[in-house]
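The values are calculated or read from the model by the stated rules, or taken from the named source; none is laboratory data. All of these numbers come straight from a predicted model, not from anything done at the bench. In this analysis, Cβ positions are derived from the backbone assuming ideal geometry, glycine residues included, and neighbour counts consider all displayed protein chains. The protein model used for the area step is the full one, side chains on, heavy atoms only, and it has no ligands, DNA or RNA in it. Shrake-Rupley method; radii C 1.70, N 1.55, O 1.52, S 1.80 Å.
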Amino acid sequence: MEEMLFYDRMQFAFTITFHYLFPQLTMGLSLIIVYFKWKYLKTNNEQYNHATHFWMKIFALNFAMGVVTGIPMEFQFGTNWAKFSELTGGIIGQTLAMEGMFSFFLESSFLGIFLFGEKLLGHKWHFVTGLLIMVGSWASGYLIIATHSWMQNPVGYEILENGKFVLTNFKALFLNPWLWPSYLHNQAASLVTSSFVVAGIGAFYILSRKNVSFGKLFLKTGVIFGLISTIIVAVPTGDLLAKNVVKYQPVTFAAMEGIFHTEKKGSEIVLIGQPDVKDKKLDNKIAVPNILSFLTYGNWNQEIKGLDQFEEDLHPTNISGLYYAYHIMVGLGTVFIGLMVLALFQLIRGKLFETKWILWSLMFMMPFPYIANTTGWYTAELGRQPWLVYNLLRTASGASPTVSSGNTLFTLLGFIGLYLLLGMLFLLLVGKIINKGPHHVELSTEKI
């Protein structure tokens, strides 16, 4: 059973990790595309319209990859996690069906119109279709995270005698206190990824001395959106989400912060340290006293419960993985804010386009928001373990009892090989789009 559960989890972890590389760009990029189209309508500067077309190609390619890699996850609910689907389908099936029927079809329908219908629609209606694509993309994220939030903090349900969960309060599902901080945090993080990609490609164009006018436009846009989104990820959304973890999953908070023993007179915040789960301590730690208590409760001396206050069978099953995922996410987020502050400072001074070390840094940092987003989701998922539905349904109870570990491993290896090929094809196609660049037009006299 343990081997079967391990491969079930590994397969879902691999497929969803690969899948989310694409939606995290499209959700944030949809907003930037709408911004470019709006700027074109406002200024009549063709530069913005060509920027819209350029990024829409990359958006469409990401969208296609997201669809292709998202479908297998739907099937895994019925193959690897049939018991989970049977017991909770009355609740999670509603939000997942709404995501497919409303958000996905809204996004996909207007994507085709946006790509091929500009001349037929005219620029104002073309902008409207772009806005609807963004609404569909963001609504899709909302409904997926509504499902995830119910698993983290189940509300508005009743458990029948046969063990099945049924929804008794539809309103409660969408007013879940876990939902809005998670959703806004996730969307801001998506915008961070998109901003770094836009700024990084802009920096590439400037450094390579090709499409320089577009490079300056992309760089400025990416830096401004990037600074705003990196701050929002930290405050208020990250802060609110962390306080939710403290309130609803205190054992998870203790594990991700590396608090093995309750600290009575205020809890320190650990900057660096390696968890020793066996001996229940952090090795080689560098910490700042009482800061965690202040950030969490606004009280320097507030007690924060450690793992010693909870039964061991309630502890997250991978404390080390949870601890590192959380600290990588927070560490990278701090670096992102610092880099974007420096870039904006140079932009205001009028020296950003000549400051090569910042341009190289922005280009080098393009993959790292993907890592931060991935470790952020790992923090959420590892933190919920050993539960599928927190405190109600354990992960082991949701797996399909009739699917052998050998079958799951075989298909996992198949997914790895197939996704490797898809990933290489995706990078090749994106590389060709970037290398070709937007259509060249001269800048108008308006300042970008």
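Points worth noting:
- Selection status of I416, β-branched (V, I, T), farther than 30 Å from G238 by Cα and under 25 Å from the mean Cα position of the chain (by Cα): yes
- Some residue of region 223-246 being crowded, with 16+ Cβ neighbours inside 10 Å and in contact with a strand residue (DSSP E or B) (Cβ under 8 Å, 6 or more places away or on another chain): yes
- Restricting the search to helices (runs of 4 or more DSSP H) fully inside region 1-87 and requiring at least 2 residues that are at pLDDT 95 or above and over 30 Å from G398 (Cβ atoms) gives 23-43, 46-79.
- Within region 88-114, the residues that satisfy the criterion of being among the aliphatic types (A, V, I, L, M) and more than 10 Å from A139 (Cα to Cα) are I91, I92, L96, A97, M101, L111, I113.
- Taking every residue in region 408-435 that is under 25 Å from V212 (Cβ atoms) and touching a residue at least 60 places away in the same chain (Cβ under 8 Å) and pairing it with any residue that is surrounded by 13 or more Cβ atoms within 10 Å (Cβ to Cβ) and polar (S, T, N, Q), at least 6 positions away or on another chain, the pairs with Cβ-Cβ distances below 9 Å are V430/N62.
- Scanning region 300-323 for residues that are touching a residue at least 12 places away in the same chain (Cβ under 8 Å) and in a loop (DSSP other than H, G, I, E, B) yields W300, N301, Q302, E303, K305, G306, F310, H315, P316, T317, N318.
- Residue that is nearest to L21 (Cα to Cα) [pool: residues in region 71-91 that are crowded, with 18+ Cβ neighbours inside 10 Å and within 22 Å of the chain's Cα centre (by Cα)]: P72
- Scanning region 403-412 turns up no residue that is of a type outside the set (D, E), within 23 Å of Y7 (Cβ to Cβ), open to solvent by less than 50 Å² (accessible area, probe 1.4 Å) and under 22 Å from the mean Cα position of the chain (by Cα).
- Residue identified as of a type in the set (G, A, S) and in contact with a helix residue (DSSP H, G or I) (Cβ under 7 Å, 6 or more places away or on another chain) among G78, G100, G93, G89: G78
- Y297 meets all of the listed conditions (1) over 30 Å from G163 (Cβ atoms); (2) open to solvent by less than 60 Å² (accessible area, probe 1.4 Å) but one, namely (2).
- Yes/no for V389 being out of contact with any Lys or Arg (no Cβ under 6 Å at 6 or more places or on another chain), closer than 30 Å to K247 by Cβ and open to solvent by 20 Å² or more (accessible area, probe 1.4 Å): no
- In region 31-51 there is at least one residue that is at positive phi and either within 21 Å of the chain's Cα centre (by Cα) or surrounded by fewer than 20 Cβ atoms within 10 Å (Cβ to Cβ) (or both).
- Applying the criterion of at least 2 residues that are in contact with a strand residue (DSSP E or B) (Cβ under 6 Å, 6 or more places away or on another chain), of a type in the set (V, I, T) and without any contact (Cβ under 8 Å) to a residue 40 or more places away in the chain to the helices (runs of 4 or more DSSP H) found wholly in region 89-183 leaves an empty list.
- Among the residues making up region 258-281, those that are outside any strand (DSSP E or B) and loosely packed, with under 13 Cβ neighbours inside 10 Å are K264, K265, K278, D279.
- Yes/no for M65 being in contact with a helix residue (DSSP H, G or I) (Cβ under 9 Å, 6 or more places away or on another chain), surrounded by 17 or more Cβ atoms within 10 Å (Cβ to Cβ) and in contact (Cβ under 8 Å) with a residue 60 or more places away in the chain: yes
- Filter pass, G338 being open to solvent by less than 30 Å² (accessible area, probe 1.4 Å), of a type outside the set (D, E) and part of a helix (DSSP H, G or I): no
- T334 being in contact with a helix residue (DSSP H, G or I) (Cβ under 7 Å, 6 or more places away or on another chain) and of a type outside the set (F, W, Y): no
- Flag for K210 being charged (D, E, K, R) and modelled with pLDDT of 95 or more: no
- Only residues that are open to solvent by 20 Å² or more (accessible area, probe 1.4 Å), touching a Gly at 6+ places or on another chain (Cβ under 9 Å) and acidic (D, E) were counted in region 100-126, giving 0.
- Residue that is farthest from S85 (Cα to Cα) [pool: residues in region 137-170 that are open to solvent by less than 30 Å² (accessible area, probe 1.4 Å) and among the aromatic types (F, W, Y)]: W150
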